[in-house]
Amino acid sequence: MFSGSHFIRQAFRAPVESLLKVYLASLPEGRLENVEKILVFAYHGLGNFIMYTPTLRLLRERFPKARIDLQAGNNTGCEQVLDGSGLFDNIYNLPYSAGLRAWVSRAREVRRIGYDLTLNEFHSQSWQIALLLAAAGVRLRAGHVTSPGWPDFQSRYSFAFNIPVTMREVEHEMDRYLDLAEAVGAGRVELREARPFIHLDDTDREFAQHFLAGSVASDGTTLLGIQPGTSATMRWKQWPLDRYKVLIEMLLARLPSAHLVLFGSPGEEALNRELAAGFGPRVTVAAGKTTVKQVAALIEACDALVCNDSGLMHAAVAVGTPVIAIYGPTDVNRTGPVGERHRVIRRDLPCSPCFKLEGDGLIHQCTHHDCLMTITPEEVFDVVSQTLATSDGICARRMRMISSSLSRSLATPF
């Protein structure tokens, strides 16, 4: 049931949007050859931002001398991923909830800086950003626009972009972002050659050394990461926790050299501690103890990561750790890990995937969740075993790194 205030807002929004359309259309267009200042918006989840990184690298290669700034604001750690990489000159954090005064102040700042080009992927569209673009008078505005499978109400700000980029309904997210790069003359790479990445420095890897040296034996240890949780707004794609518990029992019983590290956000620390209860020192909880870069460095040290479709799944891909991903309602064609070393466990059901570009309405109508409920711990264990059997000794090298940290007296446990 919609409230009276909802209808008032809608009635106010329509004429404002009409004015914005007219004003933005009246702005003189710039030329890509003269671009010196670029602003990239990134209002999406951690996993999507990691998938965005190949596009952002191409953007820097195309405009090596330009000032390229990032504006984020979703509080999922996107702003941390490329900090220190040199791809951005400045990183701004402004959530939608910051209020009108903060957005007006930011619009003045954007106008003062005088950006020549802005980049908006399909998650980064809102009335706040549309107003900001208009107030700042940005002349070149590249962004995703209304496309097949994407309802008009989710792309109502397509009018803001004078470099429009359409999307195909069956298209990987990285391809969607690469389409943006191509539209602004930044070139393109094939999906199989796209390499998402996270910028890690020595302090991030030293954190991992400290953490693991305090709990993990260095000789002959098989280090497995497990991320049992998901985004708080998408718990419907989480494999049941009781099955993760059975999987942990099997891994510890059948792989005597295995040590498990449980990952997750600060909000999932209690969940992970409950899952680890009773398993003893061969299970370490890292959830809630790390930054985005620190957890990426820990995952880098693992032989493999077992997880749901999540941001940390993409973090593992970015640092080169094999992934065993358990997929349910989400579309593996859109968000699946790219690369031959990664494995996806899913059910190809007639109703799957029911989470599409237009949203999660069908998921909430589902009464059985067979896409997840028919995946067994035994099946996941078998895939983990196969992955470890075909590994290339990554963990052995990383364990030597951890072992060397012991000799430098870095064994303080966290």
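The values are calculated or read from the model by the stated rules, or taken from the named source; none is laboratory data. In this text, all values refer to a predicted model and were calculated from it rather than measured experimentally. Here Cβ is always computed from backbone atoms with ideal geometry, including for glycine, and neighbour counts include all displayed protein chains.
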Inset, instruction - Pick out the one residue from Arg347, Arg334 that is on the phi < 0 side of the Ramachandran plot and touching a Cys at 6+ places or on another chain (Cβ under 8 Å). - result: Arg347
Legend entry - Filter result (under 19 Å from the mean Cα position of the chain (by Cα), closer than 28 Å to Thr387 by Cβ and either modelled with pLDDT under 90 or surrounded by 18 or more Cβ atoms within 10 Å (Cβ to Cβ) (or both)) within the range 344-369: Phe355
Inset, instruction - Could you run through the range 111-147 and say how many residues are farther than 24 Å from Tyr92 by Cα and more than 23 Å from the chain's Cα centre (by Cα)? - result: 0
Inset, instruction - Output the residues belonging to the range 87-102 that are crowded, with 18+ Cβ neighbours inside 10 Å and either outside the structural domain of Thr55 (by TED's automatic domain parsing) or more than 19 Å from the chain's Cα centre (by Cα) (or both). - result: none
Inset, instruction - Name the single residue, out of those in the range 309-331 being in a helix (DSSP H, G or I) and more than 10 Å from the chain's Cα centre (by Cα), that is surrounded by the fewest Cβ atoms within 10 Å (Cβ to Cβ). - result: Val319
Inset, instruction - Would you check if Cys395 is assigned to a loop (DSSP other than H, G, I, E, B), modelled with pLDDT under 90 and surrounded by 13 or more Cβ atoms within 10 Å (Cβ to Cβ)? - result: no
Inset, instruction - Check Thr146, Thr118 and return the single one that is within 18 Å of Thr166 (Cα to Cα) and either outside the structural domain of Leu56 (by TED's automatic domain parsing) or in contact (Cβ under 8 Å) with a residue 40 or more places away in the chain (or both). - result: Thr118
Legend entry - Among residues of the range 1-32, those that are at pLDDT below 60, part of a helix (DSSP H, G or I) and among the hydroxyl-bearing types (Ser, Thr, Tyr), counted: 1
Legend entry - Matching residues in the range 176-213 - criterion: being surrounded by 18 or more Cβ atoms within 10 Å (Cβ to Cβ), of a type in the set (D, E, K, R) and touching a residue at least 40 places away in the same chain (Cβ under 8 Å): Arg176, Asp204, Arg205
Inset, instruction - Quick one: Ser105 ticks every box in (1) part of a loop (DSSP other than H, G, I, E, B); (2) farther than 23 Å from Val35 by Cα except a single one, so which number is it? - result: (1)
Inset, instruction - Would you confirm whether any residue within the range 379-392 is at pLDDT below 90, exposed (fewer than 14 other Cβ atoms within 10 Å of the Cβ) and within 25 Å of His44 (Cα to Cα)? - result: no
Legend entry - Residue tally, condition surrounded by 19 or more Cβ atoms within 10 Å (Cβ to Cβ) and either in contact (Cβ under 8 Å) with a residue 60 or more places away in the chain or aliphatic (A, V, I, L, M) (or both), over the range 68-86: 8
Inset, instruction - Go through (1) under 22 Å from Gly185 (Cα atoms); (2) among the hydroxyl-bearing types (Ser, Thr, Tyr); (3) more than 21 Å from the chain's Cα centre (by Cα) and name the single condition Ser105 misses. - result: (1)
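Conditions tested, residue by residue: (1) in a loop (DSSP other than H, G, I, E, B); (2) among the β-branched types (Val, Ile, Thr).
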| site | (1), (2) |
| --- | --- |
| Gln80 | no, no |
| Gly86 | yes, no |
| Ile91 | no, yes |
| Ser97 | no, no |
| Arg101 | no, no |
| Val110 | no, yes |
| Tyr115 | yes, no |
| Ala135 | no, no |
| Met167 | yes, no |
